[in-house]
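Peer 1: Below are the structure tokens for one structure; questions will follow.
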Amino acid sequence: MGLNRNVSLMTALRYKGQGPFLTYILHRIGGLGMAIFITVHLLASFLSGKGGHFINAIYENWVFQIFIFFCVLFHAINGLRITILDLFPKLIPYHRQAITIEWVAFLAIYGFAVFTIIRTGLGG
Amino acid sequence: MEITIKIFRYDPEKDTRGHYETYVVEGDENDRVLDVLELVKGKTDGSLAFRRSCAHGVCGSDAMRINGRNHLACKTLVRDVGANITVEPVLGLKVKKDLVVDMDPFFDNYKKMLPYLINESPLPADGRERLQSPEDRARFDESTKCILCAACTTSCPSYWANGNYYGPAAIVTAHRFIFDSRDEGASERLHILSETDGTVRCHTAYNCTEACPRDIKITKAIGEVKMAMVTGKLD
Ligand code: SF4
Ligand code: FES
């Protein structure tokens, strides 16, 4: 007898794993966002008529572009940090500093991109 | 001071699912969460079940989620977590009763790492010790500090998702022997860890390193094992 070992997604997300765990979650959201985007993108190019136009309109929208750029950029920068630490395990004790550097680089590039997307999106 | 503690409760003889019960006790900010649990058990509800033994962070029996994160109850002071405390069992292992989980799968994974010195070579000429330099000893010093509390393994999202994953604690155990210059079982252990339920399941979430009450740099140890697997070198 006993409660089973399953951990629900909500329980997992509520675990207070701090900064590194947040990047772990965002990395997966980024990957999932890109996978969905590419699937829908491929689908749109095969669909003619209204369906295709509707999907095109979604991902050409600037709000969606802000989201997908987040997915791509975060996944890339975080992936780079993971790769560097994987290749040089001696650096792993400095993972918190590495994550800080990662956020600084991400926010600088992402901030500039969002500014540009919004300005273009609003017809500036 | 008044301490409010919300505790996960589950009685396999009565309940089909867990629930929470809240208790208010008089305590001190320098009390440990373990003391608060003892107060509840001793004065309010003797049916409360939790593991403890040494009460000094040595035996590793009282890992639990305290305010949403794995800690040892005997090493966590009320003043560090506040007067409103939520205590739940660790994740990823079956709950047997209240805060007590089934540790068998955890120790099964530990055993799979061949947690003993393997050395078939003849003893040195004096027939006594297999000597080791301080530098060689330092190589695996950190991983000797593990107290098998399971705080790391049960904080790992890969382990939550797949209970077959050996888990960080088992890899720390393997690390302790793989990098011991007196041991000759490294390739056997690296082979075990190269299976699908081995180090490949570590996706560096760092929850294990954050949770370890012995401050073992677990992700680093796992990284070193991964590197040894790839390069075949133990330096
Ligand atoms: S490595 Fe740390 S958290 Fe994991 S079992 Fe050992 S002492 Fe506990
Ligand atoms: S009771 Fe032994 S480690 Fe906490």
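Peer 1: Taking the residues in the stretch B:39-81 that are charged (D, E, K, R) and away from chain A (no Cβ under 14 Å) as candidates, determine which candidate is farthest from ligand 1 (Cβ to nearest atom).
Peer 2: Top of the filtered list is B:LYS43.
Peer 1: Out of the stretch B:82-93, which residues are hydrophobic (A, V, I, L, M, F, W, C) and within 11 Å of another protein chain (Cβ to nearest Cβ)?
Peer 2: Of everything in the stretch B:82-93, those that are hydrophobic (A, V, I, L, M, F, W, C) and within 11 Å of another protein chain (Cβ to nearest Cβ) turn out to be B:VAL90, B:LEU91, B:LEU93.
Peer 1: While we're looking at this one, here's another question. Restricting to the stretch B:151-185, give me the number of residues that are among the charged types (D, E, K, R) and facing chain A (nearest Cβ under 10 Å).
Peer 2: Result for the stretch B:151-185: 0.
Peer 1: Here's something else I'd like to know. Filter the stretch B:210-235 down to residues that are among the β-branched types (Val, Ile, Thr) and more than 13 Å from B:CYS152 (Cα to Cα), then give me how many there are.
Peer 2: Summing the residues that are among the β-branched types (Val, Ile, Thr) and more than 13 Å from B:CYS152 (Cα to Cα) in the stretch B:210-235 gives 3.
Peer 1: Can you tell me which of (1) closer than 30 Å to B:TYR206 by Cα; (2) surrounded by 14 or more Cβ atoms within 10 Å (Cβ to Cβ) is the one A:SER8 doesn't meet?
Peer 2: Exception for A:SER8: condition (2).
Peer 1: Would you check if B:SER143 is surrounded by fewer than 23 Cβ atoms within 10 Å (Cβ to Cβ), at pLDDT 95 or above and of a type in the set (Ser, Thr, Tyr)?
Peer 2: Criteria not met by B:SER143.
Peer 1: When the stretch B:201-217 is examined, which residues are found to be at the interface with another protein chain (Cβ under 8 Å from one of its Cβ atoms), over 12 Å from the mean Cα position of the chain (by Cα) and either open to solvent by less than 40 Å² (accessible area, probe 1.4 Å) or more than 10 Å from ligand 1 (Cβ to nearest atom) (or both)?
Peer 2: Of everything in the stretch B:201-217, those that are at the interface with another protein chain (Cβ under 8 Å from one of its Cβ atoms), over 12 Å from the mean Cα position of the chain (by Cα) and either open to solvent by less than 40 Å² (accessible area, probe 1.4 Å) or more than 10 Å from ligand 1 (Cβ to nearest atom) (or both) turn out to be B:HIS203, B:THR204, B:ALA205, B:TYR206.
The values are calculated or read from the model by the stated rules, or taken from the named source; none is laboratory data. Note that the structure is predicted; figures quoted are calculated from it, not measured. Every residue, glycine among them, receives a Cβ derived from its backbone with ideal geometry; neighbour counts consider all protein chains shown. Protein only, heavy atoms only, side chains kept; ligands, DNA and RNA dropped before computing areas. Shrake-Rupley method; radii C 1.70, N 1.55, O 1.52, S 1.80 Å.
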